[in-house]
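The values are calculated or read from the model by the stated rules, or taken from the named source; none is laboratory data. Every value quoted in this text rests on a predicted model; they were computed, and no experiment measured them. Using ideal geometry, Cβ is built from the backbone for each residue, glycine included, and neighbour counts are taken over all protein chains shown.
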Amino acid sequence: MPAPLHAVILVAVFRYGPGVLGRLDSAATLEWLVPDGLGGYAMGTAPGLRTRRYHGLLVVAGPVPARRMMALASLDPVLTLPGGTRVRLNTHEWSSGVVEPAGHTLLESMEVSDGLPRWRWRVGDTVLERRVAMRRGTPAVVVSHTLLAGPPVELELEALCTWRDAHAERRADAGLRVDVTADGVVVEDAYRVAGPGFEPDQEWYRGIHHREEAARGLAATEDLLRVGRFRARLAVGETLAVSAWAGDLSSPPPPATTVLREAAGHNAALLARHGALGLASDAFVVRTASGPDVVAGYPWFGVWSRDTMISYEGLFLCTGRVQEGRDLLRAYAATLSEGMLANTADTGRTEYNTADATLWFLHAVDRHVAQTGDDDLAAELVGPLDGVVRAHLAGTRYGIGVDTDGLLTQGADGHALTWMDAVVGGTAVTPRRGKAVELNALWVNGLAAVGELRSRLRRDRSDVDTLRARAIESMRRRFPALTGWLYDTVDGPDGDALQLRPNQLLAYGLPHAALRDDPAGRGAVEAAGRALLTPLGPRSLAPGSPGYTGRHRGDVWTRDHAYHQGTVWPWLIGPYVDAARAVGLPVDGVLDGLQAHLGEWGIGSVSETADGDPPHAATGCPFQAWSVAELLRVTSLR
């Protein structure tokens, strides 16, 4: 049997020392994440500076995962040494530009070991360790502080609280309702913070600055209320732990030692079975009121069906989560309307606004049934999938439908319906109206998927085979360009689009690829590799093309205009590897940069995007589902 494309990483320890942590400008781009399995999380940076509005120790998911609430923002440790010297170990940046205190300069080390973060501060011979864990399946966090070395000290933990939409800010003039309890506080009747030695002492911290939000052109300051402090005298080996939780406020989580042990055991089991990428993938599979689902990315994305279906094989099949995946596919099938899969409810309403999410759904069902042999699921879903085909033949929303040549076309003013979906001020940046190459590759692949389901059930498939053959013939005739690669779209408002983009890779690499046997395929994939491939995956547009933008930085308008105009998308490494292998090109070493990336941005994970120009610094969400899922999938290929 051939070896895997790349060895599975079985160790997941990322460690940083004082030479890294003390340089705030670079260290503050290293972010850690501890998920709760519900879409909520604890998150921050390696040196402890909160650089995003989304950073906090307890962020609570709402009924829709994207509607998260920021709760406990920070626990600021203060040491009192035997001589009476007080040393603040926290780090804040203020709207004045001042960083004060600068506790990151006292860090001896920070590590994320098997998914759990750990800090050690050293002040002379005194060493204090912090650990953070969440209880999976409940919105609860524990934060423990243990004295590892030195004489007895007094430790205070100052609790900084808020209660706001994670995408927004809260000011002191809005107030914050706090009820003091025997062991802490209840905030806005929404969450509780508890621990030993609590002393109420309320004071607003005004003008806390979030540098990453400023860099993104967004509101960048907020006010936090210090509600009081937890206090204990510690000798070596003793711990001061604080818990914070939402939900049933009368039911605290177990002791910190138990939560830490359970979390470590859960993560170690994932690591042993599926490696570091399997552990990374666990953050994205969440339980919602309607069953299992997928968070597209942390910290700001919720559920998006396109991302879910592209990620499906990596997140569910490669990690053995077959039953959860089955439940998810059944739930998503129930959202089909006019032959389209619901895309997202992040906005507060269910939206049907993609041309490809439904086709990726057909692909996910095909992969599930092919790999599990689940004929019962095939029998349940073949009818809805037949309905998808009929609706696309008849035509559905946004001009999505099959033309007389058998190819799928789409387009509507103000909408970007493919995965290149940026819209600014009501104008699509990359509308790609007409017959997009990957939509037709997915259409051909989806028709084969429906045919395979029918075959398993001993039903006639001749009609979908005829549709598929016609679409393949039209693709072979219409998409090849004289340049040696495929047009990105044909029959659009401005004719055929010749830009070299990665979308054509799906025409060669999908399981039921339309052009897999095309003798020109090797040249097309070679061209894509030469122009698009970077250490973190393919660019979305070749350098030198009109509109190419090599940096994905700046305010919302600037970033959205660069989003699919050269920006690197790590998830595309999957289609590239599939296509390269299909046409006989070597892929040795193409994953090395992404494997190394696990320790340089979202610790232990893969970013959403990166700059198209070298050195390809990461951008977007530091933890992105389809980036992890596609790397995991192709790493598992044999």
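Any residue at all in segment 551-568 that is touching a Ser or Thr at 6+ places or on another chain (Cβ under 9 Å) and within 19 Å of Leu277 (Cα to Cα)? Write out each step before concluding.
Pass one, segment 551-568, residues touching a Ser or Thr at 6+ places or on another chain (Cβ under 9 Å): 551-553, 558-559, 561-568.
With within 19 Å of Leu277 (Cα to Cα) added as a condition, the list becomes none.
No, that holds for no residue.
Counting only residues that are farther than 29 Å from His55 by Cα, give me the helices (runs of 4 or more DSSP H) lying completely in segment 534-638 with at least 3 of them.
573-582, 625-635
How many of the residues in segment 93-104 are over 30 Å from the mean Cα position of the chain (by Cα) and either in a helix (DSSP H, G or I) or surrounded by 21 or more Cβ atoms within 10 Å (Cβ to Cβ) (or both)?
The total comes to 0.
Go over the candidates Ala441, Ala428 one by one and state the one that is more than 12 Å from Ala507 (Cβ to Cβ) and touching a residue at least 12 places away in the same chain (Cβ under 8 Å). Step through it out loud before you land on a result.
On the way: Ala441 fails: more than 12 Å from Ala507 (Cβ to Cβ).
Sole residue among the options that is more than 12 Å from Ala507 (Cβ to Cβ) and touching a residue at least 12 places away in the same chain (Cβ under 8 Å): Ala428.
Determine whether Tyr312 is touching a residue at least 24 places away in the same chain (Cβ under 8 Å), within 21 Å of the chain's Cα centre (by Cα) and within 30 Å of Arg478 (Cβ to Cβ).
Details: touching a residue at least 24 places away in the same chain (Cβ under 8 Å): yes; within 21 Å of the chain's Cα centre (by Cα): yes; within 30 Å of Arg478 (Cβ to Cβ): yes.
It is true that Tyr312 is touching a residue at least 24 places away in the same chain (Cβ under 8 Å), within 21 Å of the chain's Cα centre (by Cα) and within 30 Å of Arg478 (Cβ to Cβ).
Right, Arg170: under 24 Å from Gly40 (Cα atoms), within 28 Å of the chain's Cα centre (by Cα) and either of a type outside the set (A, V, I, L, M, F, W, C) or not assigned by TED's automatic domain parsing to the domain that holds Gly56 (or both) or not?
Yes; evaluated as a whole, the condition is true for this residue.
Checking the conditions here, which among Ala140, Ala172, Ala194, Ala166 is over 14 Å from Arg231 (Cα atoms) and in contact with a Ser or Thr (Cβ under 7 Å, 6 or more places away or on another chain)? Walk me through it before giving the result.
Details: Ala172 fails: in contact with a Ser or Thr (Cβ under 7 Å, 6 or more places away or on another chain); Ala194 fails: over 14 Å from Arg231 (Cα atoms); Ala166 fails: in contact with a Ser or Thr (Cβ under 7 Å, 6 or more places away or on another chain).
Of the residues listed, the single one that is over 14 Å from Arg231 (Cα atoms) and in contact with a Ser or Thr (Cβ under 7 Å, 6 or more places away or on another chain) is Ala140.
Working only within segment 416-451, note down all residues that are in a loop (DSSP other than H, G, I, E, B) and either charged (D, E, K, R) or more than 23 Å from Ala524 (Cβ to Cβ) (or both).
Within segment 416-451, Ala416, Leu417, Asp421, Ala422, Gly425, Gly426, Val429, Pro431, Arg432, Arg433 meet the criteria.
Take segment 281-308 and flag every residue that is touching a strand residue (DSSP E or B) at 6+ places or on another chain (Cβ under 9 Å) and either in a helix (DSSP H, G or I) or under 13 Å from Gly325 (Cβ atoms) (or both).
So in segment 281-308, the residues touching a strand residue (DSSP E or B) at 6+ places or on another chain (Cβ under 9 Å) come out as 282-287, 292-299, 301-308.
Passing the criteria: Phe284, Val285, Pro292, Asp293, Val294, Ser305, Arg306, Asp307, Thr308.
Note down all Cβ pairs under 8 Å where the first residue falls in segment 197-212 and is aromatic (Phe, Trp, Tyr) and surrounded by fewer than 17 Cβ atoms within 10 Å (Cβ to Cβ), the second is modelled with pLDDT of 95 or more and not in a strand (DSSP E or B), and they're at least six residues apart or on different chains.
Within 8 Å, the pairs are Trp204/Ala172.
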